[in-house]
Amino acid sequence: MANNSKIWKGNWTFILAAAGSAVGLGNIWKFPYMAGENGGGAFVIIYLACIVLIGFPVMMSEIFLGKYGRSSPVYTMKKFVSLKGISSYWVLLGWFGALAGLMILSYYSVFAGISLAYIFSPIPADSLNPSQYSVDFFAQFQSSPMRMIFWHSLFLILTCFIVAKGVVDGIGATIKIIMPTLFFLIILLSIYSSFTGEIGKAISFLFMPDFSKITSSVIISAMGQAFFTLSLGMGAIMAYGAYIPEEQNLTKTVSLIIFLDTFVAIIAGVIIFPIVFANPELTPTAGPSLFFETLPVAFYGIPFSFFASALFFILVSLAALSSSVSLIEPSTAWMEDRFKISRTYAVTILGSIAWLLGLGSLFSFNLIADFQIFSMSFLDFMDFLTNSIMLPLGGLFIALLVGWILSENFVKEEMKIKNELYWKIWINLTRYVAPILIGLVFIFALF
Ligand code: TRP
């Protein structure tokens, strides 16, 4: 169990770690392509509603649980079992989260690996048709398993290395630098893209909802994306919550993290879609390749383009790294406690599992492109299972635990919410709104 010396000093450490976890490929790579595949505005509206109505209460709940437990999610749950007399089945929630984290990491690392590779692959200055070049480049990249394995492995090794050193010592200092720089750069890029691309089409695509496009799959994808982008439902934020200072104001902290995360996602959309609509070779429905086909085009032709593009992909890779560490941290902390082994040893074993599993997603680009599970590729299946099912399910149980199982007085006391009206709103979101919405989406989408 963490003792006081392990509680992070200052309010900023938790915010940086949690924002570092939240802001990652989910915002810049995944959000735009999910919005593109799911019809734009309608998806965006449901996504934003899920962020506020589900993400907000669930994130508060996760931090609250971690803060009380002051330990890794599995041990935090055990502490609730022994001190609050809840059923020992709740420990499964910790396990389930650790598993979801490894599964997500397995394919996250494949795409983060591609962004590492892109540091070195801008569009050559003499290219005649940059967007065609970019599409062809990605197609060629994905058809080479060895090349992809190299970058996937490199990214996982970096992740494990940091986790072995301890997350805050490992990334604390870097996050302080990369986050503001990334912000600055994406804002510049979005301005550039607005002036050179089709900003009007992009804005109406992203923000004018066409409600006829709403289907059950759009809804479940939007909810899954809300969980994914905020790192909720698998214990990552709970694990970080274990180190939050006692007096830190949860509402302010969570609001800031959610704001930053949503801002980055929307800006990423504003960078990508003007370029997509200005180039006939690019399509909004391209899927996971959208980001990698579009961004190089954004850099082509700007001054110092090689340098700018390398800097951008370095920042994206670092943002991915500060997210990926939180995917493997809960299981590492648990293994370390449970088997009394070193962090290095624990993370090596877990990283190897994620690496192997990741090969399945990696090969679905090439060697096993025709292999299907429930008419999805291996990658799509992993993505669907984790984002659309496991994370919302984890979130549902977290909300039920805090809203229904633990006593209201205890939660209210620990949360330090003094304003009665706010408390009523918060507890009703946690008790009714979040679980009912998650339940409805499941029922609607799966049956
Ligand atoms: N939120 C991260 C992103 O947007 C990914 C991530 C990190 C994550 N930790 C997580 C997703 C835990 C789900 C659960 O890139």
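Condition check: in a helix (DSSP H, G or I) and of a type in the set (S, T, N, Q). Does residue 231 satisfy that? Judged against the criteria, residue 231 is not a match. The requirement of being within 20 Å of residue 175 (Cβ to Cβ) and surrounded by fewer than 24 Cβ atoms within 10 Å (Cβ to Cβ) is satisfied by residue 12. Yes or no: residue 327 in contact with a Phe, Trp or Tyr (Cβ under 7 Å, 6 or more places away or on another chain) and not polar (S, T, N, Q)? The answer is yes for residue 327. In summary, residue 276 fulfils each of the numbered conditions (1) under 26 Å from residue 43 (Cβ atoms); (2) in a helix (DSSP H, G or I); (3) under 23 Å from the mean Cα position of the chain (by Cα) with the single exception of condition (3).
Does at least one position in segment 209-221 carry a residue that is surrounded by fewer than 23 Cβ atoms within 10 Å (Cβ to Cβ), within 16 Å of the ligand (Cβ to nearest atom) and in contact (Cβ under 8 Å) with a residue 12 or more places away in the chain? Yes, segment 209-221 contains at least one residue that is surrounded by fewer than 23 Cβ atoms within 10 Å (Cβ to Cβ), within 16 Å of the ligand (Cβ to nearest atom) and in contact (Cβ under 8 Å) with a residue 12 or more places away in the chain.
Among the residues making up segment 227-250, those that are of a type outside the set (A, V, I, L, M, F, W, C) and under 19 Å from residue 401 (Cα atoms) are 231, 233, 235, 240, 241. Is it the case that segment 239-254 has a residue that's at positive phi and not in a helix (DSSP H, G or I)? Within segment 239-254, none of the residues are at positive phi and not in a helix (DSSP H, G or I). Within segment 234-259, restricting attention to residues that are over 17 Å from residue 419 (Cα atoms) and among the small types (Gly, Ala, Ser), the residue that is farthest from the ligand (Cβ to nearest atom) is 242.
Residues checked against (1) of a type in the set (Gly, Ala, Ser); (2) within 26 Å of residue 437 (Cα to Cα); (3) modelled with pLDDT under 95:
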site	(1), (2), (3)
362	no, no, no
369	yes, no, yes
375	yes, no, yes
379	no, no, no
386	no, yes, no
402	no, yes, no
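Return a yes/no flag: does segment 160-167 have any residue that is away from the ligand (no atom under 16 Å from the Cβ), over 24 Å from the mean Cα position of the chain (by Cα) and surrounded by fewer than 22 Cβ atoms within 10 Å (Cβ to Cβ). Checked segment 160-167: no residue is away from the ligand (no atom under 16 Å from the Cβ), over 24 Å from the mean Cα position of the chain (by Cα) and surrounded by fewer than 22 Cβ atoms within 10 Å (Cβ to Cβ). Just one of the listed residues (304, 313, 292) is over 18 Å from the mean Cα position of the chain (by Cα) and not small (Gly, Ala, Ser), and it is 304. Scanning segment 93-113 for residues that are in contact with a Pro (Cβ under 9 Å, 6 or more places away or on another chain) and within 19 Å of residue 229 (Cβ to Cβ) gives 97, 101, 111.
Taken together, the residues in segment 272-288 that are more than 15 Å from the ligand (Cβ to nearest atom) and touching a Phe, Trp or Tyr at 6+ places or on another chain (Cβ under 8 Å) amount to 6.
The values are calculated or read from the model by the stated rules, or taken from the named source; none is laboratory data. Just so you know, these numbers come straight off a predicted model, no measurement behind them. Cβ atoms come from the backbone with ideal geometry, glycine included; neighbour counts cover every protein chain shown.
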